[in-house]
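Participant: Dropping a structure here in structure tokens format, bear with me for questions.
The values are calculated or read from the model by the stated rules, or taken from the named source; none is laboratory data. From a predicted model like this one, the values you see are computed outputs, not experimental measurements. For neighbour counting, all protein chains shown are included, and Cβ atoms are generated from backbone atoms with ideal geometry for every residue, glycine included. These accessible areas exclude ligands, DNA and RNA; they are computed on the full protein's heavy atoms, side chains included. Shrake-Rupley method; radii C 1.70, N 1.55, O 1.52, S 1.80 Å.
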Amino acid sequence: MTDPVPAGPSPDEVLAELRALQAADLPTHGGRTLAYVYDSGLAEADALGREALALFASSNGLDPTAFPSLLRMENDLVALAAGLLDGPAGAVGSVTSGGTESILLAVLAARKGASHVDHPSMVLPSSAHAAFHKAAAYLGVRPVVVDVDPGTLRADPRAMASAVDQTTVLVVASAPSYAHGVVDPVADIAALAAARGVRCHVDACIGGWVLPFLGDVPPWTFAVDGVTSISVDLHKYAYTPKGVSLLLHRDTGLRRGHLFASAAWPGYTMLNSTMQSTRSGGPLAAAWAVSRHLGTAGYARLAARARTATLEVTGAVRELEGLRVVAEPDSTLLALATDGSCDVFTIADEMLARGWYVQPQMAFGDVPPTLHLTFSAATAASVPELVEALRDATAAARAAGPARVDPGLAGTLGGLDAATLDDAAFAGLLGAAGLAGEDGGLALPERMAPVNALLDACPAELREELLVGVLDRLSRPTGTATSGRAPEA
Ligand SMILES: *Cc1c(COP(=O)(O)O)cnc(C)c1O
């Protein structure tokens, strides 16, 4: 008889624990979570993705010769994406863990490709995803941020052209921007980059698997001369499990800067195309399986569903007192602001109480705080309910009036400096805001509007510092030493 190693609860008991933990999460399916998750509404496609994920969960993309299946799937996915995005013959790509990694690698490749530039910089529209600021911080490429056009919220190519200088190694456009859902004038931006011999990255992380199926979008793919790389996330609108994105380059020379080898140690010669070394085959296999099952025709139908839902809700909001559409949606994202009779943070709370998650976005430049809605195909089935919830939530927020920041607290905040905020000051602030939990920890309230209004009132650097403090306090080992630890035998 073999030794029964397990000394903890049975698999069934552990799974029950996991399900209990998951009960507190936002639902990933059902189409009522309008950020973070993407739901095709197709149970079979989901089941296929999960099975493929499990099938390859232990396979390792570290060595493509050891797991040729993964290399084959990666090359298949790149070919599929290159077809969708008008990649020319010679286009190449790599599978990454997500949009942020794709963007980090695009910035890295651009920096490496311009190694003669001493203090490299990149020109970003102010609407560019925060991942570019992360790339800047990680890779030492200075971000030169250019305001978007205040009317359309699209990048302003003229202003971007004036921002390009000797240090520029990359110019960025979004298709579309996450916050406002508008597609930048990629042709103009790529042309200005090409005229100066600078690379142009199109961030299509969210739109890359939707826009190709919608009519009426100005050119933004490799069909545009001067576009050198494109990022597209499969774990968004390809409706596959989390952990897959693609970074495509127009040619293999452009990719060279993020291929990495090291023989400077006694083990195997490390050879990687991405930031990861050990790379689970699971997300890749899931993306391969789901995209094969749905096919481009299936994605076209799903894109049409999500687009229809977006347009229907956009139209309904125009009739809704208190809310307004911030920018005409170019794809399947919508940003909403209020008319001042109420605030978006209270509406978000009211929506959550009605079973819908919409994502609050803080004021930025001249744009007031907004609600972000990402439409999945699955949301199309319940547009009337969504509109109803928006109407009721906005009415409730109007009845309550705009969330106000406690004047005492506002005074405390005004006296804080992001550069000198220490732990004691932060703890004091948490106490004053009623957010202090046990053991110096953090107690998140049921309703987030007062906290969001407070954060919205903070300068950006202070908000960053405060939220890092929040993350630090949230990320502490749980004090359940007895339940998780194996009994001493
Ligand atoms: C989601 C997104 C990213 C970042 O992708 P992650 O997968 O969250 O790392 C970058 N750019 C845009 C436009 C996005 O929507």
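Participant: Please list 3J(HN,Hα) in residue order for the range 396-409, calculated via the Karplus relation 6.51 cos²θ - 1.76 cosθ + 1.60 where θ = phi - 60°; whole Hz, with x for glycine and proline.
Facilitator: Each residue's phi maps through the Karplus curve to give 5, 5, 5, 5, 6, x, x, 4, 10, 7, 3, x, x, 5 Hz.
Participant: Taking loop as defined by DSSP and a crowding limit of 15 other beta carbons within 10 Å, which chymotrypsin sites (Phe, Trp or Tyr not before Pro) in the range 15-106 fit? Before the final figure, lay out the partial values.
Facilitator: Values: sites: 36, 38, 56; in loops: 36, 38, 56.
Answer by residue number: 36.
Participant: Select from 338, 252, 479 the residue farthest towards the positive end of the dipole of the chain; place +1 on Cβ of Lys and Arg, -1 on Cβ of Asp and Glu, and compute about the Cα centre.
Facilitator: The residue sitting most towards the positive pole is 252.
Participant: Let me ask something additional. For the ranges 371-382, 273-284, 430-441, what's the packing order if you count other beta-carbon atoms within 10 Å of each residue, average per peptide, and put the highest first?
Facilitator: Values: 371-382: 23.2, 273-284: 19.5, 430-441: 13.5.
The packing order, highest mean first, is 371-382, 273-284, 430-441.
Participant: Also, I was wondering about something else. Using Cα pairs closer than 8 Å and at least 6 residues apart in sequence, work out the relative contact order for the chain, in percent. Show your work: numbers first, answer last.
Facilitator: Numbers: 879 pairs, mean separation 83.9, N = 489.
17 percent.
Participant: P(r) tail for the range 407-474, what percent of Cα pairs lie past 14 Å?
Facilitator: Working: 1251 of 2278 pairs.
Summing the P(r) tail past 14 Å for the range 407-474 gives 55 percent.
Participant: Quick one: Debye curve from the C-alpha atoms of the range 258-411, no solvent, what's log10 I(q)/I(0) at q = 0.15 Å⁻¹?
Facilitator: Rounded to two decimals, the profile gives -0.85.
Participant: Shifting gears a bit: For residue 145, enumerate residues with amide H under 5 Å from its amide H, sequence gap 5+ or separate chain, H modeled in the peptide plane.
Facilitator: When sequence neighbours closer than 5 places are left aside, the close amide H contacts are 124.
Participant: In the P(r) worked out for the chain, what percent of Cα pairs fall beyond 45 Å?
Facilitator: Values: 17449 of 119316 pairs.
Here the long-distance tail beyond 45 Å is 15 percent of all Cα pairs in the chain.
Participant: If you don't mind, there's one more thing I want to ask. Using a 1.4 Å probe on the protein chains only, how many percent of the accessible area of the chain belongs to carbon and sulfur? Working shown, then result.
Facilitator: On the way: 13070 of 23370 Å².
That fraction is 56 percent.
Participant: Positive end of the charge dipole of the chain (Lys, Arg +1 and Asp, Glu -1 on Cβ, about the Cα centre): tell me which of 414, 201, 140 has its Cα farthest that way.
Facilitator: Most positive-ward Cα: 201.
Participant: Give the relative contact order (percent, whole number) for the range 407-474; include only Cα pairs under 8 Å separated by 6+ residues. Intermediate results must be reported in sequence, preceding the final value.
Facilitator: Numbers: 35 pairs, mean separation 25.7, N = 68.
This gives 38 percent for the range 407-474.
Participant: With a probe of 1.4 Å, find how much accessible area the range 121-216 has per residue, and write the answer as a whole number in Å². Spell out each step's value before the answer.
Facilitator: Numbers: 3430 Å² over 96 residues.
Accessible area per residue, the range 121-216: 36 Å².
Participant: Order 112, 134, 236 by their accessible area, 1.4 angstrom probe, all chains in place, largest first. The partial results should precede the final answer.
Facilitator: Values: 112 110, 134 85, 236 35 Å².
Highest to lowest solvent-accessible surface, that is 112, 134, 236.
Participant: With θ set to phi - 60°, apply the Karplus curve 6.51 cos²θ - 1.76 cosθ + 1.60 along the range 279-292 and write out the HN-Hα couplings as whole Hz, x wherever there is a Gly or Pro.
Facilitator: Result, rounded to whole Hz: 10, 4, x, x, x, 5, 5, 5, 5, 4, 5, 5, 5, 5.
Participant: To continue, here is another question. In terms of solvent-accessible area of protein heavy atoms at a 1.4 angstrom probe, what is the ranking of 422, 184, 12, highest value first?
Facilitator: Working: 422 85, 184 5, 12 120 Å².
Of 422, 184, 12, the descending order of accessible area is 12, 422, 184.
Participant: Another question, then. So how strong a dipole does the chain carry about its Cα centre when Lys and Arg Cβ are +1 and Asp and Glu Cβ are -1, to the nearest 20 debye? Write down the numbers at each step before the final one.
Facilitator: Details: 33 positive and 52 negative charges, 245 e Å.
The calculated dipole for the chain is roughly 1180 debye.
Participant: Kirkwood Rh over alpha-carbon pairs of the range 2-126, then Stokes-Einstein at 37 °C and 0.692 mPa s: what D in µm² s⁻¹, rounded to an integer? Numbers along the way, then the final one.
Facilitator: On the way: Rh = 19.6 Å.
Rounded to a whole number, D works out at 168 µm²/s.
Participant: How much of the pair distance distribution for the range 20-85 lies past 21 Å, counting alpha-carbon pairs only, in percent?
Facilitator: Working: 1067 of 2145 pairs.
Counting every Cα pair in the range 20-85, those more than 21 Å apart make up 50 percent.
Participant: Just to confirm my numbers, what's the Cα centroid distance between the range 403-465 and the range 60-100 in Å?
Facilitator: 44 Å
Participant: With +1 on each Lys and Arg Cβ and -1 on each Asp and Glu Cβ, and nothing else charged, work out how big the dipole of the range 51-291 is about its Cα centre, in Debye to the nearest 20.
Facilitator: On the way: 15 positive and 18 negative charges, 102 e Å.
Its charge dipole is roughly 500 debye.
Participant: While we're here: From the residues 227, 367, 299, which one has its Cα farthest along the dipole of the chain in the positive direction, the dipole being from +1 and -1 charges on Cβ of Lys/Arg and Asp/Glu about the Cα centre?
Facilitator: Towards the positive end, the residue furthest out is 227.
Participant: Here is a follow-up. Would you please name the GluC sites (Glu not before Pro) within the range 247-348 that are DSSP coil residues with at most 16 other C-beta atoms within 10 Å of their C-beta?
Facilitator: On the way: sites: 312, 319, 321; in loops: 319, 321.
Listed in order of number, the matching sites are 319, 321.
Participant: In debye, nearest 20: dipole of the range 254-346 around its Cα centre with unit charges on the Cβ of K, R (+) and D, E (-)?
Facilitator: Details: 9 positive and 7 negative charges, 162 e Å.
That gives the range 254-346 a dipole magnitude of about 780 debye.
Participant: OK, next. Hey, what D do you get for the range 341-489 in µm²/s if you plug the Kirkwood alpha-carbon radius into Stokes-Einstein at 4 °C and 1.567 mPa s?
Facilitator: Working: Rh = 17.7 Å.
Roughly 73 µm²/s, to the nearest whole number.
Participant: Mind putting together the pair-distance distribution for the range 51-291? All Cα pairs, 5 Å bins, whole percent per bin, short to long.
Facilitator: Percent of Cα pairs in each bin: 1, 7, 15, 19, 20, 16, 11, 7, 3, 1, 0, 0.
Participant: Collect residues whose amide H, placed 1.01 Å from N in the peptide plane, falls under 5 Å from the amide H of residue 93; neighbours closer than 5 in sequence don't count.
Facilitator: Correct list: 249.
Participant: Right, something else. Arrange the peptides 247-254, 218-225 so that the one whose residues have, on average, the most other Cβ atoms within 10 Å appears first.
Facilitator: Values: 247-254: 20.4, 218-225: 18.2.
In decreasing order of mean packing, 247-254, 218-225 become 247-254, 218-225.
Participant: Still on this structure, I have one more. Could you quote the convex hull projected area for the range 141-240, Cα atoms only and averaged over all directions, in nm²? The partial results should precede the final answer.
Facilitator: On the way: hull surface 26.4 nm².
Value for the range 141-240: 6.6 nm².
Participant: While we're looking at this one, here's another question. With every atom except the alpha carbons ignored, what do you get for Rg and Dmax of the range 62-197, in angstroms?
Facilitator: Computed over the Cα atoms of the range 62-197, radius of gyration and Dmax are 16.3, 53 Å.
Participant: With θ set to phi - 60° and the Karplus curve 6.51 cos²θ - 1.76 cosθ + 1.60, what are the ³J(HN,Hα) couplings of the range 157-168 in order, to the nearest whole Hz, using x for Gly and Pro?
Facilitator: Running phi through 6.51 cos²θ - 1.76 cosθ + 1.60 with θ = phi - 60° gives x, 4, 5, 5, 4, 6, 7, 6, 9, 4, 8, 5 Hz.
Participant: Additional query: What is the distance in Å between the Cα centroid of the range 181-232 and that of the range 267-306?
Facilitator: 21 Å
Participant: What is the set of long-range amide H partners of residue 246 at a cut-off below 5 Å, with H atoms built 1.01 Å from backbone N?
Facilitator: Residues meeting the criterion, in which the H sits 1.01 Å from N, are 96, 232, 233, 234.
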